[in-house]
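The values are calculated or read from the model by the stated rules, or taken from the named source; none is laboratory data. Since the structure is predicted, the reported quantities are computational estimates derived from the model, not experimental observations. We place every Cβ from the backbone using ideal geometry, glycine too, and count neighbours over all the protein chains shown. Keep in mind that these areas ignore ligands, DNA and RNA; they rest on the heavy atoms of the full protein, side chains included. Shrake-Rupley method; radii C 1.70, N 1.55, O 1.52, S 1.80 Å.
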Amino acid sequence: MNTMTNDLSGVVAADRAHVWHHLSQHKQYETVDPRVIVEGKGLRVWDAKGKEYIDAVSGAVWTVNVGYGRESIAKAVADQLVKMNYFAGSNGTVPGALFAEKLITKMPGMSRVYYSNSGSEANEKVYKMIRQLSHRHHGGMKNKILYRERDYHGTTIGTLATSGQAERAKQYGPYPDGFVMVPHCLEYRKQWDVANYGERAADAIEEVILREGPDTIGCLVLEPVTAGGGVIVPPKGYWERVQEICKKYNILLHIDEVVCGVGRTGVWFGYQNYGIKPDFVTMAKGVASGYAAISCTVTTEEVFAMFKDDAADPLSYFRDISTFGGCTAGPAAALENMRIIEDENLLDNTLRMGARTIANLQALMEKHKVIGDVRGAGLFCGAELVADRVTKEPMDEKRVAAVVADCNANGVIIGMTNRSIPGLNNTLCLSPALIATADDIDAITGAIDNALTRVFG
Ligand SMILES: Cc1ncc(COP(=O)(O)O)c(C=O)c1O
């Protein structure tokens, strides 16, 4: 279905002349047109030239979880905007209250929702809370934040200080103090030759804690499944040990669900795959599937209580505001987004289609020696490409990019690790909308099959 009727060459020219695209080297647009996406329906999008694509990455960065063209979300947002579009978050709003209530029903053990408008901002809120708790409750100690190699938590200077992806952070320093990296847990690129790899990788966190001093550390931030850093599902035994270590040293656990949150791994939140109890959970992308900007920083009642314990002290509460955290479009869209996931059983579909994606990619391993590893959870899946299966030498990223380009040329948008880990931008990423059908999944992996044949023979 292509509903385009008008000549959009003027739009493309305007974009080429004036828009500074995210994460893009613009030299290329001196000779080719930037792609302008015009329309979407379900899993499909159309560009300004009328070309149709299957979008296997939900808006390129794993956001449009319920698919394009959802009139019911658009209507919920429109109705809300006409009634009350905005009021600062020091007040309540109807959709803000109702979505918080609904969200907490999906997160046993959590209790408070702080609204802002991007994943980076949601994570920054936690970092600020940790710093304030340090001042108020730990005499300035316990202010350090641990983050993990290969994880990503955002684009601001504060969140880039917790970038486990060196290429993202490079050239934007100097960074603030008090952020310390712990080793990654990707067994395929193992750092320890042991049978219980998950526990060993978690023990490496304890080693950093002991080196820094437990009294200096307030929080550990982790992605439940590392997304842009290479689709890393932590090995068995990892999470139980992480939880134990956090408890032992009184370190708060912050799970960054900006990618995994609201269904992506086939459960509401990625951490719920592992039975752990976080102190902070942040989320953004899939919360309203990109129909409106919204992010949430969710905490327990215990954490929340520490910010209201001294009403006589004018500095004791969380003195933070996010102007656009008061936009009602976000929670209005989020409520309808969650209803859709429930009513259409999209969590079940995600589990089934995720298993199909992994099975298809594993089948491709038989045929294409260039696939070194296949991994994923729900509908966040990846295939790491290598030059040699035995040595695991990473495939040159230009050739990985050629696979992505070939899929694009043939109408399937896929992703890859991008300006992330030096020398390791070699993992293809798939994260279609949670509505994907078996035919969609087969079309996506079929395009990868053909692309691998064309690029590598
Ligand atoms: C795990 C994770 N956390 C945080 C962010 C930052 O979110 P935003 O781009 O909305 O600031 C991202 C973005 O890709 C992410 O993948």
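Filtered by the rule that a residue be in a helix (DSSP H, G or I) and open to solvent by 10 Å² or more (accessible area, probe 1.4 Å), region 134-148 gives H135, R136, H137. Applying the set (1) touching a helix residue (DSSP H, G or I) at 6+ places or on another chain (Cβ under 9 Å); (2) open to solvent by 60 Å² or more (accessible area, probe 1.4 Å) to E302 leaves exactly one unmet item: (1). Among the residues of region 149-193, those identified as out of contact with any Pro (no Cβ under 6 Å at 6 or more places or on another chain), more than 15 Å from I421 (Cβ to Cβ) and assigned to a helix (DSSP H, G or I) are I157, G158, T159. In the condition set (1) surrounded by 15 or more Cβ atoms within 10 Å (Cβ to Cβ); (2) in contact (Cβ under 8 Å) with a residue 24 or more places away in the chain, D47 is compliant with all but (2).
Within region 202-241, the residues that satisfy the criterion of being within 29 Å of F380 (Cα to Cα), open to solvent by 10 Å² or more (accessible area, probe 1.4 Å) and more than 16 Å from the ligand (Cβ to nearest atom) are D203, E206, P235, K236, G237, E240, R241. Taking the criterion of being more than 16 Å from the ligand (Cβ to nearest atom) and part of a strand (DSSP E or B), the only residue of region 259-300 that qualifies is T299. The residue list E39, E30 contains one member that is modelled with pLDDT under 95 and either more than 22 Å from E167 (Cα to Cα) or open to solvent by less than 40 Å² (accessible area, probe 1.4 Å) (or both), which is E30. In region 388-424, the residue that is farthest from the chain's Cα centre (by Cα) out of those that are at positive phi and either surrounded by 21 or more Cβ atoms within 10 Å (Cβ to Cβ) or among the charged types (D, E, K, R) (or both) is K392.
Quick one: is G198 away from the ligand (no atom under 16 Å from the Cβ), open to solvent by less than 10 Å² (accessible area, probe 1.4 Å), touching a Ser or Thr at 6+ places or on another chain (Cβ under 8 Å) and at pLDDT 95 or above? No: the conditions fail for G198.
Among the residues making up region 113-142, those that are out of contact with any strand residue (DSSP E or B) (no Cβ under 7 Å at 6 or more places or on another chain) and either among the aliphatic types (A, V, I, L, M) or within 16 Å of the ligand (Cβ to nearest atom) (or both) are S120, E124, K128, M129, M141. Residue under question is D193, and the condition is that it be open to solvent by 10 Å² or more (accessible area, probe 1.4 Å), more than 27 Å from T63 (Cα to Cα) and either in contact with a Ser or Thr (Cβ under 6 Å, 6 or more places away or on another chain) or touching a residue at least 24 places away in the same chain (Cβ under 8 Å) (or both); does it hold? Answer is no for this residue. Region 345-457 holds strands (runs of 3 or more DSSP E) entirely within its bounds, and those carrying 3 or more residues that are within 28 Å of S24 (Cα to Cα) and in contact with a Pro (Cβ under 8 Å, 6 or more places away or on another chain) map to 380-388.
Output yes when any residue across region 171-188 is within 16 Å of the ligand (Cβ to nearest atom), closer than 25 Å to V259 by Cα and without any contact (Cβ under 8 Å) to a residue 12 or more places away in the chain, and no when none is. The answer is no; no qualifying residue exists. If we scan region 322-333, do we find a residue that is on the phi > 0 side of the Ramachandran plot, within 16 Å of the ligand (Cβ to nearest atom) and open to solvent by 50 Å² or more (accessible area, probe 1.4 Å)? Within region 322-333 (the criterion being on the phi > 0 side of the Ramachandran plot, within 16 Å of the ligand (Cβ to nearest atom) and open to solvent by 50 Å² or more (accessible area, probe 1.4 Å)), the answer is no, since none of the residues qualifies. Taking (1) assigned to a helix (DSSP H, G or I); (2) out of contact with any strand residue (DSSP E or B) (no Cβ under 9 Å at 6 or more places or on another chain) in turn, Q243 satisfies each apart from (2).
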